[in-house]
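Trainee: Quick one: the structure is below, and I'll ask about it shortly.
The values are calculated or read from the model by the stated rules, or taken from the named source; none is laboratory data. Everything quoted here is computed from the prediction, not taken from an experiment. Every residue, glycine as well, gets a Cβ built from its backbone with ideal geometry; the counts of neighbours run over all protein chains shown. Ligands, DNA and RNA are excluded from the accessible area calculation, which covers all protein heavy atoms including side chains. Shrake-Rupley method; radii C 1.70, N 1.55, O 1.52, S 1.80 Å.
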Amino acid sequence: MVNSFCQRSPRDKNLPPKREMNFLIVLDEPGIIYCSVPKVASTEWREALSFYHHHGRVQGKQAQNRTIWKHLSEYSNRNVTTKIQRYYKFLFVREPFERLLSAYKSKFLAKNEVYHKKFGREIIKKFRKNATEHQKMSGYGVTFFEFVKYVAFAKAYDEHWRPYSQLCHVCSIGYNFIGYLETIDEDAAFLIKESKMNGSMVFKSTRHSRTSSDLLRFYSQIPLRYINRLRSIYSNDFEMFGYQFPGPLKSLVNSQLSKNN
């Protein structure tokens, strides 16, 4: 799937600018490059990979601290090319509609002060009619439909809902392994063996998401035209990794289509 897509996408053959390699974590000891995709078990992978870290094992929010990791963007062009050629490169992906909902839940339903101020205020001002001054100032209470409207019209995307193609540059990097959150336990075990990581390194998938069970409840609020807009935004993610549209939203889409006919 990825190979056939990349063969049709020569525009992505060249290496991206180094400033766009900020999500590619480099571990020199095992010779590993990991594209850390937010909302796709990135914390768990950082916790596992900290086995090789000179700071020692890290957990939770500490694992998400960018300053304790080396990123491909920090190396010279020559070193970047050498590492891409020689190191084992991997990433994990997730069904796009699920990832988007997971981002909403963690950044807007949870008490995430940074995202309420940075995005919540703007979203409410743009998309909520008759919003109170308190709502505009606090940024709290963004609905899923308001969030989807924001994503649908955005010119740039926060890392937590940015398409994989803009984070990991799949066609130009040439990954050795692409795993799926849906089969992460089996994929992680295979990856650790295949990449010849230290057998003492353990990946623990301990965070069991409820997002998949919440999909229909949240997306039932979204009109079909916005679901189709999301399809356009994440079209490469669907096609590259074999996710079918509308996938888990099939019953909702069919229901809306039947009402419109």
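Trainee: For a Förster distance of 30 Å, can you work out the FRET efficiency between the beta-carbons of Ser213 and Lys155, rounded to the nearest 0.05?
Mentor: Efficiency, from the Cβ-Cβ distance: 0.40.
Trainee: Further, regarding this structure: Let me know the charge dipole size of the chain about its Cα centre in debye, to the nearest 20, where only the beta-carbon of Lys, Arg (+1) and Asp, Glu (-1) is charged.
Mentor: Here the size comes out at about 940 debye.
Trainee: Excluding ligands, DNA and RNA, what is the solvent-accessible area per residue of the chain at a probe of 1.4 Å, expressed in Å²?
Mentor: Ligands and nucleic acids excluded, the figure is 52 Å² per residue.
Trainee: Round to a whole number: what % of the accessible area of region 112-186 belongs to carbon and sulfur, probe 1.4 Å?
Mentor: Carbon-and-sulfur percentage of accessible area, whole number: 52.
Trainee: Antiparallel as a % of all DSSP beta bridges within the chain, to the nearest 5?
Mentor: Here the share of antiparallel DSSP bridges comes out near 45 percent.
Trainee: Right, next: Which value in nm describes the separation of the simple spin-label points at Lys250 and Thr82, placed 7 Å from the Cα toward the beta carbon?
Mentor: Inter-label distance under the simple model: 5.0 nm.
Trainee: Follow-up question, since we're still on this one. Can you give the relative contact order of region 143-261 as a percent, counting alpha carbon pairs under 8 Å and 6+ residues apart?
Mentor: With pairs under 8 Å counted, the relative contact order is 34 percent.
Trainee: May I ask you to give the average projected area over all directions of the convex hull of the Cα atoms of region 43-105, in nm² rounded to one decimal? All intermediate terms of the calculation are to be shown ahead of the outcome.
Mentor: Numbers: hull surface 23.2 nm².
Taking a quarter of the hull surface, the average projection is 5.8 nm².
Trainee: Exactly which GluC sites (Glu not before Pro) in region 159-254 are in a DSSP loop and have at most 16 other Cβ atoms within 10 Å?
Mentor: Of the GluC sites (Glu not before Pro), the ones in loops of region 159-254 whose Cβ has at most 16 other Cβ atoms within 10 Å are Glu159.
Trainee: Sticking with this one: Find how many whole Å separate the alpha carbon centroid of region 1-73 from the alpha carbon centroid of region 156-234.
Mentor: 13
Trainee: Using a 1.4 Å probe on the protein chains only, how many percent of the accessible area of region 1-109 belongs to carbon and sulfur?
Mentor: It is 45 percent, rounded to a whole number.
Trainee: Could you name the lysines in cross-link range of Lys193, using Cα to Cα under 18 Å and dropping any fewer than eight places away on the same chain?
Mentor: Lys89, Lys204
Trainee: In nm, what is the difference between 0.36 nm times the number of residues separating Val114 and Ala189 and their Cα-Cα distance?
Mentor: 23.5 nm
Trainee: Given the pairs Lys129/Lys250; Lys70/Lys136; Lys18/Lys155; Lys107/Lys129; Lys125/Lys250, which span a C-alpha to C-alpha distance of over 28 angstrom in this model? Walk me through the numbers before you get to the answer.
Mentor: Details: Lys129/Lys250 30 Å; Lys70/Lys136 38 Å; Lys18/Lys155 21 Å; Lys107/Lys129 22 Å; Lys125/Lys250 32 Å.
Those over the limit are Lys129/Lys250; Lys70/Lys136; Lys125/Lys250.
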